[in-house]
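Visitor: Right, I'll just put the structure down here and ask away after.
The values are calculated or read from the model by the stated rules, or taken from the named source; none is laboratory data. Just so it is clear, the model here is predicted, and its values are computed rather than measured. A quick note on method: Cβ atoms are made from the backbone with ideal geometry, for glycine too, and the neighbour counts reach across all protein chains shown. The protein model used for the area step is the full one, side chains on, heavy atoms only, and it has no ligands, DNA or RNA in it. Shrake-Rupley method; radii C 1.70, N 1.55, O 1.52, S 1.80 Å.
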Amino acid sequence: MRAAQRLPRRSTSSGFTLIEVLLAFVVFALSFSVVLEIISGSMRNTVRARQYTEVALITQSVMDRVGLDIPLEQSVRANGESGVYRWELQISPFAATPDTTRSVDLGELTGIDLLEVEFIISWGDIAREQSIRFSTVKAVLAGEEGE
């Protein structure tokens with residue numbers, strides 16, 4: 001019997017080629033950059049939400065002081081700071097617009113003066129300053145402003 005001939009064995013290594021490794025690295029790098037952009041956007045939104053929450057709290061606090069610490073009278077101006085936020089408040093007679101003429105007329109008939117309280121709050125450095133304007137109307141009996 002003839003001895004079985006051995007055929008040379010083929011190398012059957014199951015590794016990755018250089019191109020496969022490079023392609024995997026490119027996919028990983030692109031995915032990682034997308035994740036970093038998402039995290040960065042999330043952090044910007046969190047900072048913006050914190051700022052707007054602080055603005056709302058400061059505005060409510062100052063508006064609540066109108067009529068108490070800040071006199072509710074025409075031509076009153078007040079300003080101040082709260083941390084990085086700067087604010088300015090101005091009280092003036094309420095000006096009628098086509099939508100609000102009835103309110104002004106009703107105020108005159110009942111002896112009530114309507115005063116507009118305008119509040120502007122700003123923050124940030126000069127190059128990137130942001131500001132928001134709030135406005136409300138307060139009613140006082142005619143002749144009793146500031147009491």
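Visitor: If we keep just the residues of the stretch 56-95 that are assigned to a loop (DSSP other than H, G, I, E, B) and open to solvent by 60 Å² or more (accessible area, probe 1.4 Å), which is modelled with the lowest pLDDT?
Guide: Here is the first cut: in the stretch 56-95, the ones assigned to a loop (DSSP other than H, G, I, E, B) are 67-69, 71-76, 83-84, 94-95.
Next, from what is left, pick out any that are open to solvent by 60 Å² or more (accessible area, probe 1.4 Å): 68-69, 73-75, 83-84, 95.
Details: LEU68: 90, ASP69: 89, GLU73: 89, GLN74: 87, SER75: 88, GLY83: 88, VAL84: 91, ALA95: 81.
Going through the qualifying residues, I end up with ALA95.
Visitor: Name the pairs whose Cβ atoms lie under 9 Å apart, with the first residue in the stretch 42-66 and of a type in the set (A, V, I, L, M, F, W, C), the second modelled with pLDDT under 95 and exposed (fewer than 11 other Cβ atoms within 10 Å of the Cβ), and 6 or more positions between them or separate chains?
Guide: Note: pairs meeting the criteria are ILE58/GLY83.
Visitor: Which one is nearest to ASP64 (Cα to Cα) among residues in the stretch 119-142 that are of a type in the set (S, T, N, Q) and open to solvent by 70 Å² or more (accessible area, probe 1.4 Å)?
Guide: Looking only at the stretch 119-142, we keep the residues that are of a type in the set (S, T, N, Q), and these are 122, 130-131, 135-136.
Subset that is open to solvent by 70 Å² or more (accessible area, probe 1.4 Å): 130-131.
Working: GLN130: 23, SER131: 20 Å.
Ranking the qualifying residues of the stretch 119-142, first place goes to SER131.
Visitor: So which residues in the stretch 105-118 are buried (at least 17 other Cβ atoms within 10 Å of the Cβ) and outside any strand (DSSP E or B), if there are any at all? Quick ask: steps written out before the conclusion?
Guide: At the first step, the residues of the stretch 105-118 found to be buried (at least 17 other Cβ atoms within 10 Å of the Cβ) are 107, 113-115, 117.
Correct list: GLY107 only.
Visitor: Let me ask something else about it. With the structure loaded, tell me whether VAL34 is part of a helix (DSSP H, G or I) and open to solvent by 60 Å² or more (accessible area, probe 1.4 Å) or whether it fails that test.
Guide: Taking the combined requirement at face value, the residue satisfies it.
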